Amino acid sequence: MTIQVFGHKSPDTDSTGSPILWAWYLNEIKGQTAEAVLLGEPNTEAAFMLQHWDLPKPAIIDDVADDAPVVIVDTNNPAELPANINNADIQAIIDHHKLVGGLETKGPIDITVRPLACTATIMIDLMGDDAAKMPDWAKGAALTCILSDTLEFRSPTTTEHDKAVAEKLAADLGLNIVDYAAEMFAAKSDVSSFSDAELLRMDSKEYEVDGTKFRVSVLETTAPAVVLDRKASIMDSMSNVAAEDGVDQVLLFVVDILNEEATLLVPNDLVKSVAEKSFGASVAGDAVVLPGIMSRKKQIIPNLKV
């Protein structure tokens, strides 16, 4: 049977590119039959990666069948995976997030969870000498994933190893990292065609704090004004999205990549309290700037308090 390789719902660049990388490795190096698939439409930056490296968009699936062989990458959280995931045949997990719990497997499996900024970095390590056999499109996808997850090395999740791997990939491809990252971030920042609800779900993860369920949404951009000019209508949409998604509140952090800060929209007293208790912020209006906040994984989720 074909092994399906996929990341989390609301796929970002890493959850789009890393399944493609690992499917190549399983097919071309390990002699297995594998296919990269997605659990939703890729975001604009991931779509840029597919177009730039002439990669076909992986098929989008809604669920997995009983006993279907799968490899999970860039997450280990059942809430971000297909509903039937525990009835599938999970063969491996490759991730760089904290362990959440709740996944069940049919036997012993390979699990690799490392404190690196990007799943693609881990995959290149796991490939060892075989990583040199990657075609340019695979190296390009890996580079895009690393630059995305590290925000071109600005994110506090960045390690020296992520940076070294990215610099080697760029050298192999003859690419200037600064110029290529600028193209990536321009694509990520072009959100004009998305509805408010789509923006709130585009790069989001569910997280519960002391019984309060949040959808924690992040928009990383080099043009924050494009999003913040819509903040009134976006905040109006939050209650509908929360109700439809079964959460109590949507939190939207607009991350300014170049100025290395985030703006949190504050539609009500609950979010005002979250901002003050979680980040020591002083909130005076419907938005608050949080200097230095860049990473949902390292700075936002671990600090959330209600």
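Just so you know, all these numbers are worked out from the coordinates, no wet-lab data involved. Because the structure is predicted, anything quoted here is derived from the model rather than measured. With ideal geometry, Cβ positions are generated from the backbone for all residues, glycine too; neighbour counts draw on all protein chains shown.
Residue order for T212, T44, fewest other beta carbons within 10 angstrom first, comes to T212, T44. In the range 237-304, Rg over Rh equals 0.96, where Rg is the alpha-carbon radius of gyration and Rh the Kirkwood radius from pairwise Cα distances.
Give me the distance between the Cα centres of the range 55-125 and the range 195-210, rounded to whole Å. Cα centroid of the range 55-125 versus Cα centroid of the range 195-210: 20 Å apart.
The residues packed around P291, meaning those with a beta-carbon under 11 Å from its beta-carbon, carry a net charge of -3 if Lys and Arg are +1 and Asp and Glu are -1.
Relative contact order of the range 196-303, please, whole-number percent, based on alpha carbon pairs below 8 angstrom and at least 6 residues apart.
For the range 196-303, the relative contact order is 23 percent.
Between 0 and 90 degrees, the angle of helix 160-173 with respect to the longest Cα principal axis of the chain falls at about 60 degrees. Mean residue ellipticity at 222 nm, helices only, the chain: -11000 deg cm²/dmol; runs of at least 4 DSSP H residues each add -39,500 (n - 2.57), and the sum is divided by the number of residues. With distances taken between every two different alpha-carbon atoms, the chain has a Kirkwood hydrodynamic radius of 19.7 Å.
All distinct Cα pairs of the range 1-154 go into the 1/r average, and the inverse of that average, the Kirkwood radius, is 15.3 Å. Roughly how far apart, in whole Å, are the Cα centres of the range 1-35 and the range 225-250? First find each Cα centre; the distance between them is then 32 Å.
Close amide H partners of E206, meaning residues 5 or more places away or on another chain with modelled amide H under 5 Å apart, are V216.
Packing around the peptides 282-288, 263-269, taken as the average count of other Cβ atoms within 10 Å per residue, puts them in this order, highest first: 263-269, 282-288.
Distance distribution P(r), the range 78-214, all Cα-Cα pairs, bin width 10 angstrom from 0: 10, 31, 34, 22, 3 percent.
Using per-residue counts of other Cβ atoms within 10 Å, averaged over each peptide, order 203-211, 112-120, 137-145 from highest down.
Values: 203-211: 16.1, 112-120: 22.1, 137-145: 25.4.
Descending packing order for the listed peptides: 137-145, 112-120, 203-211.
Among the trypsin sites (Lys or Arg not before Pro) within the range 228-284, not one is in coil by DSSP while having at most 13 neighbouring Cβ atoms inside 10 Å. Within the range 211-306, DSSP assigns beta bridges of which about 55% are antiparallel (rounded to the nearest 5).
The angle separating the long axis of helix 136-150 from the principal Cα axis of greatest extent in the chain is about 30 degrees.
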